[in-house]
1. Give just the number: which of (1) surrounded by fewer than 21 Cβ atoms within 10 Å (Cβ to Cβ); (2) away from the ligand (no atom under 16 Å from the Cβ); (3) more than 19 Å from Gln25 (Cβ to Cβ) does Arg134 not satisfy?
2. Which residues, taken from region 16-65, are among the polar types (S, T, N, Q), at pLDDT 95 or above and open to solvent by less than 60 Å² (accessible area, probe 1.4 Å)?
3. Cβ contacts < 6 Å: first residue part of a loop (DSSP other than H, G, I, E, B), restricted to region 169-186; second residue of a type outside the set (Lys, Arg), any location; separation 6+ or different chain. Result?
4. Any idea which residue in region 77-90 is least open to solvent (accessible area, probe 1.4 Å), counting only those that are more than 11 Å from the ligand (Cβ to nearest atom) and under 18 Å from Arg23 (Cβ atoms)?
5. If you go through region 168-210, how many residues are open to solvent by 90 Å² or more (accessible area, probe 1.4 Å) and farther than 19 Å from Asn133 by Cβ?
6. Only residues that are crowded, with 19+ Cβ neighbours inside 10 Å and within 12 Å of the ligand (Cβ to nearest atom): list them for region 91-113, please.
7. Given the structure, is Gln72 within 16 Å of the ligand (Cβ to nearest atom), free of Cβ contacts under 8 Å to residues at least 60 places away in the same chain and either open to solvent by 50 Å² or more (accessible area, probe 1.4 Å) or under 26 Å from Asn226 (Cβ atoms) (or both)?
8. All but one of (1) touching an Asp or Glu at 6+ places or on another chain (Cβ under 7 Å); (2) within 16 Å of the ligand (Cβ to nearest atom); (3) part of a loop (DSSP other than H, G, I, E, B) hold for Asp159; state the number of the condition that does not hold.
Amino acid sequence: MLPDLSHFKPHISPEQVETCKKRFQSVVDSYKHGSDIENIVLKETHTKRVYQEIIFLGTELGLGEKQLCLAQITALFHDIGRFEQYARYQTFMDRQSENHAILGVKALKKLKGLNFLEKSLKSLVFRIILYHNRAVLPPKETPICLFFSKLLRDADKLDIWRVVTDYYCQKDRGRNKTIELDLPDIPGISKTVSKCLMNQTIVDINQISSLNDLKLLQIGWIFDLNFRPAFKAVQSRRYLEMIFEALPPSKEIRLISNMVFAYLEKQNLNNEHATVKP
Ligand SMILES: [Fe+2]
């Protein structure tokens with residue numbers, strides 16, 4: 001059920017979004033030195049795509065101009081902590097470094113990059129960024145915060161699926177440890193991972209122990225997807241098919257695949273007429 005956003009008109013203009021884009025770019029450019037530019041560019045490109053995805057989702061859902069501006073700002077800055085994370089720890093794994101969402105909010109506060117926003121709106125953006133990588137959203141949050149958090153999480157997932165499916169589909173590629181999270185490419189899948197999926201729940205990253213498990217974890221994000229246009233995009237872009245094709249065929253994987261596609265089909269039907277009142 002989507003919230004009624006008809007009275008929510010945040011004070012943000014498209015010009016302010018443009019200023020934020022310039023700020024984002026100058027932060028990214030300040031990290032483009034040394035030999036690891038490739039990984040900085042990976043997150044820069046990802047952010048720009050998430051920004052496009054959130055415009056796509058927000059437009060499809062019928063958001064008003066100012067609401068869309070808010071969504072765009074959350075997309076622009078959601079991964080701003082990634083750059084400092086990589087500079088400090090040379091990894092994108094939060095477990096081996098720091099929570100990149102917390103790092104991002106600290107960086108934004110230091111930059112004073114959102115000081116043009118009124119206090120309550122700035123706090124809202126910080127909370128949406130803080131929640132974007134959480135396993136579960138805080139249930140006691142406001143409906144508006146939850147709505148924009150879900151929107152960002154859907155946009156983020158759509159682009160991560162693009163990154164990983166592009167990678168899995170390249171046949172003669174070398175291995176990218178950053179994308180594979182340094183996991184071993186060994187046969188089989190973990191019992192706990194297949195159990196999570198069969199229960200239609202997302203997989204905890206702490207429970208994965210191989211590249212196959214990681215691929216299944218990425219498939220399981222479908223159970224944390226929220227909005228109709230996001231489900232439609234997953235279906236039309238064939239993200240899940242591509243990840244399943246990158247997994248070894250087995251009876252267990254076939255069972256998971258049948259269940260996942262039935263779930264996707266059902267979500268597309270259930271969400272058929274859902275749009276917000278902007
Ligand atoms: Fe992201």
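The values are calculated or read from the model by the stated rules, or taken from the named source; none is laboratory data. What you see is a predicted model; the values in this text were computed from it and never measured. Using ideal geometry, Cβ is built from the backbone for each residue, glycine included, and neighbour counts are taken over all protein chains shown. The protein model used for the area step is the full one, side chains on, heavy atoms only, and it has no ligands, DNA or RNA in it. Shrake-Rupley method; radii C 1.70, N 1.55, O 1.52, S 1.80 Å.
1. Every condition holds for Arg134 apart from (2).
2. Matches in region 16-65: Gln25, Thr45, Thr47.
3. Close Cβ pairs (under 6 Å, with a partner that is of a type outside the set (Lys, Arg)) amount to Leu183/Ser210; Leu183/Leu211; Leu183/Leu214; Pro184/Ser210; Asp185/Leu211; Ile186/Ser210.
4. If we take residues in region 77-90 being more than 11 Å from the ligand (Cβ to nearest atom) and under 18 Å from Arg23 (Cβ atoms), then Phe83 is least open to solvent (accessible area, probe 1.4 Å).
5. Matching residues across region 168-210 total 10.
6. Within region 91-113, His100, Ala101, Gly104 meet the criteria.
7. yes
8. (3)
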